[in-house]
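Reviewing the structure listed below.
The values are calculated or read from the model by the stated rules, or taken from the named source; none is laboratory data. All values derive from a computational prediction rather than experimental measurement. Methodologically, a virtual Cβ is constructed for each residue, glycine included, from the backbone with ideal geometry; neighbour enumeration extends over all protein chains shown.
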């Protein structure tokens, strides 16, 4: 065996152990009895110790120095392994362990503070998490921008500057669209009726199948916060059920199916290697979003969905156009995870500005709530009256995820680009969607995005799929057209 | 930290990783999508590699040499760690890997051979498995008896000679009892009726609770072959459902609850240490069997069960005495896992004799089927007419489990002893069982057996609980009395 083969063999074992870690995470959210939590913490810590040792194993450095790539795939494998190794050896073991310890603690404190509407209870530990991540960012950046360094974990080859410029271009058009939609003279009604859990889950499974989810390599369960978990041939999804709002269940399912199909669609040759998974959070979110929004919330697909719901449920009379408007209803609201397509990105931009200032040291945790509320007033025109509607609503910062939020909007931007290219290449897509056939879209996405896994860098995989460099224009055009028509603006 | 503390800290991480391995096994049998099997194989191999490296880590030898025990518990911890380390370093890594590879292959070949009734298809790989395990036994025995060495993995401090003598004493009385019961003039009818799966599972959960199973630290799911999995605070059980035979589900549940309560009942101070689990397969089986048989199939408890079943199901009229007789029906049969209390141990003895001869080299795999069928004729009086009813019925040998079978009967013998002691100490137990209260029995077992985990050697924990050295007499007396009465012999 040469150095390259040794390296890949070692890496396959590491990836296999990382898959196990992911499966335990899935178990924790879906199956684990609650009394097992403390023991699970020890189990996860033991596995994390094994993984950390492997990811910083000095042999990796030796193999990387000696390995030669014989083709493009090998070049990409070495690029990904080197990125991960360089990153991990820059962070002292002491700091990595401290981050793990403090974020695990902080998540519980955050949950309690949110339940009690007590920002002050959360600020001390948030300060600790922030200090640790700033230290980590500085270690990773080696003199460069710490926020840019943190971003690389979620969206390689992107900078805070790039994102700030993108968001500056997007914000005015989104604020304007939002104001016009909310000021429209007619608004769709919410869906009424009662939708039993078992039927929602049955229909969710059908919808997952319709979007190409392979149940022989996955499964669908309930979780408090829906997620997708795993790579390769074991990619599981979860959804949630509200018996008065079936869209919550169905669109959570479609969203997670998008994530899962990305993982399931990667070239099987890359299984259990660094290329065998989605390349970035942004590209991942592009798949979940295009499945959920551009496809799932289209007029064509909602027509099929209404027909299936009418067969499955005892539901009020509603015509297909009204149902489409109801699915896409835009309403004022404080909560990111409940936001519609028009407002979602404004929630992200607010968080991006704040977290970038926190990492730069330009904003102190003590001033965070006021800064949040000011910006929310500016973007959304309303006052935040309780922290659970504002600065305490998301778990991310408590677990140290600084640099993660902007990938949601990057995903929407990429989805906009992919959707434009897809419509150009599959002009009769709506006819298929109206019949519940998503294959023309999902197969195009598998062929052009998903199968590449992490072989191509994020912007490159999107650019290659679309035939143009990704920009915000297609997304904004799509939103203005869709909601302009829906709200007769 | 001194050597003892270092050793225990290292061991805790190893035990935590072993718990993860167990959880993946559970997942594989209950939740895993079938298309994930090959990938899971790689994941399990990677984790096994980590565990094997830890279990043979040279630091263990150094710590063991330097460690000093400050109390009885520490003495027991060192005994268990030393046993495991000495065992693992005696087996060359090459041999351990080959056993893992061949047994994984052999299990599939066995399943196919059984489905096709084709013994000859299984013999070559059985020969390979046997040769590897004989080699392992010889390496472990260091000049001693290889079968005795293999036994230690399942039942420490027991020998083939001990078991042979025990079985020689038991066989004549069991053969005689079997003949008298089957020759009785009146036989109970089987249960008729249809018992829907969902109701069986609901009642199974209630029965599990009645036997003290803690659902905050476990869960109950379906599996093809019922099992219990895990130690400490995450001990999960499975059962199976046949809609025409609810006893299959209920008694599988009670059996697995017995195993699970043993693990859940261990002193929490031993969590994630070598003492934090059941001490042997025999003692484990004593718990599952006493829950299932001496308690669960008692006249008192079946009276309560009948009343609950009559509430839950639309079932035929049956009085409590007839129901008790039906639960304990003795019928001729070929299959160990379907055997009643009277015949079960005869199935085990046959396997013990054959596997001991195989390991000793006194029996060749080519002659195994004939030897099986001859002994079956001698013990059960009938001819085996197809291999799935005979030598191909059990998975054990295909996966290299030589030395495991006798622990089933040891478990029954221990259960017999524990039951005699329990009845002496809790004379009004039947009154409680008749009300569905098992606590007087299950708490006695937790106090006297379960909480010790692996602190005391197998025979010692039973002897200490009972106040006498374990023998076969209480089990045989119990069987002769119970079935003598039931069948009016």
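Points to keep in mind about this one:
- Taking the criterion of being within 17 Å of residue A:165 (Cα to Cα), in contact with a helix residue (DSSP H, G or I) (Cβ under 6 Å, 6 or more places away or on another chain) and part of a helix (DSSP H, G or I), the residues of the stretch A:460-476 that qualify are A:474, A:475, A:476.
- In the stretch B:146-157, the residue that is surrounded by the most Cβ atoms within 10 Å (Cβ to Cβ) out of those that are over 13 Å from residue B:405 (Cα atoms) and in contact (Cβ under 8 Å) with a residue 40 or more places away in the chain is B:146.
- Restricting attention to the stretch A:47-57, the residues that are facing another protein chain (nearest Cβ under 7 Å) and at pLDDT below 95 total 1.
- Of all the listed residues (B:121, B:86), the sole one being over 21 Å from residue B:54 (Cβ atoms), without any contact (Cβ under 8 Å) to a residue 60 or more places away in the chain and outside the structural domain of residue B:392 (by TED's automatic domain parsing) is B:121.
- Condition met for residue A:265 (surrounded by fewer than 24 Cβ atoms within 10 Å (Cβ to Cβ) and either without any contact (Cβ under 8 Å) to a residue 40 or more places away in the chain or assigned by TED's automatic domain parsing to the domain that holds residue A:420 (or both)): yes
- In the stretch A:1-37, the residues that are at pLDDT below 95, part of a helix (DSSP H, G or I) and more than 7 Å from every other protein chain (Cβ to nearest Cβ): A:25, A:28, A:29, A:37
- Residues in the stretch A:222-244 that are more than 14 Å from every other protein chain (Cβ to nearest Cβ), in contact with a helix residue (DSSP H, G or I) (Cβ under 9 Å, 6 or more places away or on another chain) and in contact (Cβ under 8 Å) with a residue 12 or more places away in the chain: 8 in all.
- Breaking point among (1) in contact with a helix residue (DSSP H, G or I) (Cβ under 8 Å, 6 or more places away or on another chain); (2) within 29 Å of residue B:160 (Cα to Cα); (3) outside any loop (DSSP other than H, G, I, E, B), for residue B:342: (3)
- Among the residues of the stretch A:383-424, those identified as closer than 16 Å to residue A:336 by Cα, touching a residue at least 60 places away in the same chain (Cβ under 8 Å) and assigned to a helix (DSSP H, G or I) are A:387, A:388, A:397, A:406, A:407, A:408, A:409, A:410, A:411, A:412.
- Selected residue (only one of B:191, B:264 is assigned to a helix (DSSP H, G or I) and in contact with a helix residue (DSSP H, G or I) (Cβ under 7 Å, 6 or more places away or on another chain)): B:264
- Residue A:410, sole failed condition from (1) over 17 Å from the mean Cα position of the chain (by Cα); (2) buried (at least 16 other Cβ atoms within 10 Å of the Cβ); (3) within 30 Å of residue A:232 (Cβ to Cβ): (1)
- The criterion of being modelled with pLDDT of 95 or more, within 8 Å of another protein chain (Cβ to nearest Cβ) and touching a helix residue (DSSP H, G or I) at 6+ places or on another chain (Cβ under 7 Å) does not hold for residue B:60.
- Evaluation of residue B:65 against the conditions (1) under 28 Å from the mean Cα position of the chain (by Cα); (2) surrounded by fewer than 15 Cβ atoms within 10 Å (Cβ to Cβ); (3) more than 14 Å from chain A (Cβ to nearest Cβ) shows that the sole unmet condition is (1).
- Test: residue in the stretch A:95-113 that is surrounded by fewer than 19 Cβ atoms within 10 Å (Cβ to Cβ) and not in a helix (DSSP H, G or I): no
- In the stretch A:49-62, the residues that are in contact (Cβ under 8 Å) with a residue 24 or more places away in the chain and buried (at least 16 other Cβ atoms within 10 Å of the Cβ): A:50, A:51, A:52, A:54, A:55, A:56, A:57, A:60
- All conditions in (1) touching a residue at least 24 places away in the same chain (Cβ under 8 Å); (2) surrounded by fewer than 19 Cβ atoms within 10 Å (Cβ to Cβ); (3) in contact with a strand residue (DSSP E or B) (Cβ under 9 Å, 6 or more places away or on another chain) hold for residue B:23, with the sole exception of (2).
- Residues of the stretch A:152-168 satisfying the condition of being in a helix (DSSP H, G or I), touching a helix residue (DSSP H, G or I) at 6+ places or on another chain (Cβ under 8 Å) and under 17 Å from residue A:414 (Cβ atoms): A:163, A:166, A:167
- Annotation note: of B:65, B:46, the sole residue that is in a helix (DSSP H, G or I) and within 30 Å of residue B:223 (Cα to Cα) is B:46.
- Check on residue B:445, farther than 20 Å from residue B:154 by Cβ, part of a helix (DSSP H, G or I) and either assigned by TED's automatic domain parsing to the domain that holds residue B:77 or in contact (Cβ under 8 Å) with a residue 12 or more places away in the chain (or both): yes
- Boolean, residue A:348 is in contact (Cβ under 8 Å) with a residue 12 or more places away in the chain, under 16 Å from the mean Cα position of the chain (by Cα) and part of a helix (DSSP H, G or I): yes
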